[in-house]
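Contents: one structure, followed by commentary.
The values are calculated or read from the model by the stated rules, or taken from the named source; none is laboratory data. All figures in this text were calculated on a predicted structure; none of them were measured in a lab. With ideal geometry, Cβ positions are generated from the backbone for all residues, glycine too; neighbour counts draw on all protein chains shown.
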Amino acid sequence: MDRERVAPVDRRRLLIPYRQVLDRYGALDEAEDDLIDLVQGVLGTTVGVRWAHDVTHPNPWFHTLILDVSDSLGEMSDAQYHALQAGLRALDLA
């Protein structure tokens with residue numbers, strides 16, 4: 001049986017469904033402070049965050065906000081990754 005290879009998850013890119021941001025905050029701008037506070041609280045205040053959007057899918061249900069911290073961070077530890085995921089869950093964004 002052939003299995004399709006799945007690319008590894010890049011822990012330095014947080015993928016957040018737009019629909020969850022809009023449900024919780026009403027607009028992306030309203031979520032910005034909470035998301036920056038979360039990332040800086042876990043990774044430190046000097047971490048840089050790049051914001052990107054994936055809106056290529058024709059169905060808006062699949063549109064995604066991407067927070068990329070790859071330029072300012074080496075390898076993210078398991079504890080940091082899990083803390084970010086827990087923070088996103090606490091914000092109702094995961």
Checklist entry - So ASP33 fits all but one of (1) part of a helix (DSSP H, G or I); (2) under 20 Å from ASP10 (Cα atoms); what number is the exception? => result (2)
Item to check | Total residues in the stretch 34-55, condition under 17 Å from TYR81 (Cβ atoms) and either of a type in the set (Phe, Trp, Tyr) or at pLDDT 90 or above (or both) | outcome: 6
Checklist entry - Can you tell me which residue in the stretch 1-33 is modelled with the lowest pLDDT, limited to those that are within 23 Å of LEU43 (Cα to Cα) and of a type in the set (Val, Ile, Thr)? => result VAL9
Item to check | Qualifying positions in the stretch 38-71 - over 20 Å from LEU93 (Cβ atoms) and more than 15 Å from the chain's Cα centre (by Cα) | outcome: GLY44, THR45, THR46, THR56, PRO58
Next on the checklist: Here's a check for you: in the stretch 84-94, which residue that is surrounded by fewer than 17 Cβ atoms within 10 Å (Cβ to Cβ) and touching a Leu at 6+ places or on another chain (Cβ under 9 Å) is modelled with the lowest pLDDT?
Outcome noted: ALA94
